[in-house]
Structure formats: structure tokens, C-alpha cells
Amino acid sequence: MQSKLMALEEGKDPASSVRTNQSRALPLRALQFFLIFLVLGLGVSIVSVYMTRYFKVQIVAPVAESTLKACFEGLTNIESWIRPPSNLLHTMNDTELLWRASSVPRIKTYPFKRVPKIAFMFLTKGQLPMAPLWERFFKGNEDLYSIYVHSLPSYNASFTPSVFYRRQIPSQVAEWGRMSMCEAERRLLANALLDISNEWFVLLSEACIPLHNFSIVYRYISKSRYSFMGSIDEPGPYGRGRYDENMAPEVNLTDWRKGYQWFEVNRELAVKIIEDTTYYPKFKKFCQPACYVDEHYFQTMLSIQTPHLLANRSLTYVDWSRGGAHPATFGKADIKEEFFKKIFESKTCLYNNQPSSLCFLFARKFAPSALDPLLELSSKVLGF
């Protein structure tokens, strides 16, 4: 009461004095709250850095539900994992492609109904003159095969409408007898491996034809316990004579093998071919013409790694009887019933360790002029 009287005597309002004290307290309280939040924020930051560095744990802001849905939308259905690429003209380089294609499921039992297919891989310079014959061969078996075409990069295909439509893969120049040829074959295998349903892989050229209908070919390949790649120890200048001692110790003279370029391998061997980094540099550096790498690289490597999985013969008939560096080419005048009878009866072989007269499923080399007579005879002689 006395202080109030003194304030009145001095002409001061007591209420204004109280308001002044309160106004001074408010900024001080706000400053305290700010300091508390600053200390807490600094503490969280320090803890976050510590956990990230030592425990590999990251503290992140909450993610919106829509963002999570977008991230996992493609992973919620098994179809997204097993669906073959809709467009073969991807943008992966060879290193990325081989890495992607070498991914192998560790669990061997498939969690879906898998219909195994044959991948027909055409290594060509440009057009496929035998395409009409192949279309007749493939007709009605769409669920059992897939097609891949590796041509010169400069070639623009016009396969529509056709089973070859949009089946070209990103390609590079492949030179006969050089590693670029094997690189093209690995490129074909890698692209075909991206389709999880492809179980067998057949390498063909634009000059190849089928010798039997699709049912016989599919049954023969799918029931075989072996893959069909020739791999022989050939003495003389065209076999062991091509070996370079610099390839040791990865490849010794006793390991050296030779075989035809045109092969059929199963999925296990296809992965071994594309994932190889041990033998590839040796063959690239030390097997150059007159060492023709496409006759030695895969044949030697698989003979070292998995000889028990090779039938040690090719499924493609080739006539070398005329001599020279290249096999015989068959034209219009050659296409007669007797010609095919000669092929069918040319040899006997082992199929699943049993003697068989059915040894060849394909043949080469056929000139474009052979197409019309082949179409005329195909239903009677070839069965399609």
C-alpha cells in the first residue's frame, strides 16, 4: 500500500509498472524456448551423424504413402520380375549387360509355372534371306521359343509383319576370326538370358535352315542331358598348332580344344560363358588370326570347367568336303530330296549315350537362291 501511495505521489500508474515487468519477462521466456530447441536439434544432429558413421543407420524424414507406393508398385507382382523385356533395344553397354544377365537365382525351384523355351540367336551381317522358311518352322509354337538377331549396327531391318519384328539387339561390328565375333555371341547370350524362361540357346547364322519340324527340334534339345558344342583335341597346325604358350597357366596345351562355331548350350553354360573374366583376356590377346578364336574360346573354356556337360558335337550340318577356309554353300540347283537324304544318312552319333541316326537339327550354308525350292520341299522333306 505504501509503494502504491509513493507511486501515486510521484504521478505513476501502478498497472503500467506491472505491464512493464511482464513485457520484460516474455522475451526472456521466448529466448529460453529457442535455446532449448536449438540444443535439442544440435543433439539429434550429433546422434544422427554418430549412428550413420558407426552403425550405418540413417535417420530420414517420413516418406509420404504415395511415394512408397510408387517405389514398390513394380515389385508387388512376380510378373514384374519374370516378364521378358518388351524392347530389346536397351541402353545398357556390354559391361552392364553382362553383369545384369549373370544374375542367377539361388533357389532352383521356380515359384511360378515356367515353360522353358529355346532361344534362337541369329548372328548375321544384315538381312535373313531364309526368314520365310523359319517363319513356317516357328508357326504355332509361340510359347516355346524366342528370337534374337545380332546384325551390323548400320543395318536397318524391316521384318514387319514377322516373327523377327523388333527382335534385333544392340550390336557392334563382328569380324570373322577375331574376338569381336565371340563378343557378339556373348552379347546374344546375355540378351537372351534376360528372359528367365529361356532354357536352351542355339547359335545360328543367316545361312542356316532347320532340318526338322519344331516339335522334333524342341524334344531333341529339351530331353538331352548334354549341351551340343564340339570340343576336340586336334593335333597338327590347325589344332594344337594354334596354341600360344603365353596362355598358360590358365590354358595349357593339353587343355586346348577346337570345335565348330555353331553351338547349343543350356542356361547353366550360357551363364558361364558370359560371366567369364579368366579366359577372355587370354584368348583376346593370344588367339588372333591364324588362330580363329570362335573355334577355340568357348570350346576350351567349357572343356576345362564342365566337360561332363558337353556332347562334344554340333547340331549343325556343314560340308567341308570341298576344302578351303569356308564350308560349301548350297544354291538352288542343290535343293533336291536326294540332297537331304544324304544329310540325314551322313553319320551316326550318340544321343544321351545311346547310338542314334538323328544327329543334325540344322544345316548351313544356304544361298538366297535356295529359298524357293526349300519352301516347295519343306512340307515333304523337312516336316513343316
Residue among SER303, SER321 that is among the polar types (S, T, N, Q), over 21 Å from the mean Cα position of the chain (by Cα) and assigned by the TED database to the domain that holds CYS208: SER303
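The rows are residues; the columns are (1) outside any helix (DSSP H, G or I); (2) closer than 19 Å to ILE221 by Cβ.
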site	(1), (2)
PHE298	no, yes
MET301	no, no
ARG313	yes, yes
SER321	yes, no
ILE343	no, yes
ASP372	no, no
LEU377	no, no
Failed condition for GLY230, given (1) open to solvent by less than 40 Å² (accessible area, probe 1.4 Å); (2) free of Cβ contacts under 8 Å to residues at least 24 places away in the same chain; (3) out of contact with any strand residue (DSSP E or B) (no Cβ under 6 Å at 6 or more places or on another chain): (2)
Flag if ALA333 is of a type outside the set (Asp, Glu), open to solvent by less than 30 Å² (accessible area, probe 1.4 Å), farther than 21 Å from GLN261 by Cα and not assigned by the TED database to the domain that holds SER224: no
Yes/no for ILE216 being in contact with a Gly (Cβ under 9 Å, 6 or more places away or on another chain) and modelled with pLDDT of 95 or more: yes
Residue identified as open to solvent by 10 Å² or more (accessible area, probe 1.4 Å) and touching a residue at least 12 places away in the same chain (Cβ under 8 Å) among ARG219, ARG240: ARG240
Wholly enclosed helices (runs of 4 or more DSSP H) of the stretch 36-154 bearing at least 1 residues at pLDDT 65 or above, open to solvent by 60 Å² or more (accessible area, probe 1.4 Å) and in contact with a helix residue (DSSP H, G or I) (Cβ under 7 Å, 6 or more places away or on another chain): 131-138
Neighbours by Cβ (under 7 Å, 6+ apart or cross-chain): first from the stretch 269-285, assigned by the TED database to the domain that holds GLU185; second of a type in the set (Lys, Arg): ILE273/ARG186; ILE274/ARG186
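The values are calculated or read from the model by the stated rules, or taken from the named source; none is laboratory data. Note that the structure is a prediction, hence the values are computed from the model and not measured. Backbone-built Cβ (ideal geometry, glycine too); neighbour counts: all protein chains shown. To get the accessible areas, we keep the full protein, side chains included, count just its heavy atoms, and leave off ligands, DNA and RNA. Shrake-Rupley method; radii C 1.70, N 1.55, O 1.52, S 1.80 Å.
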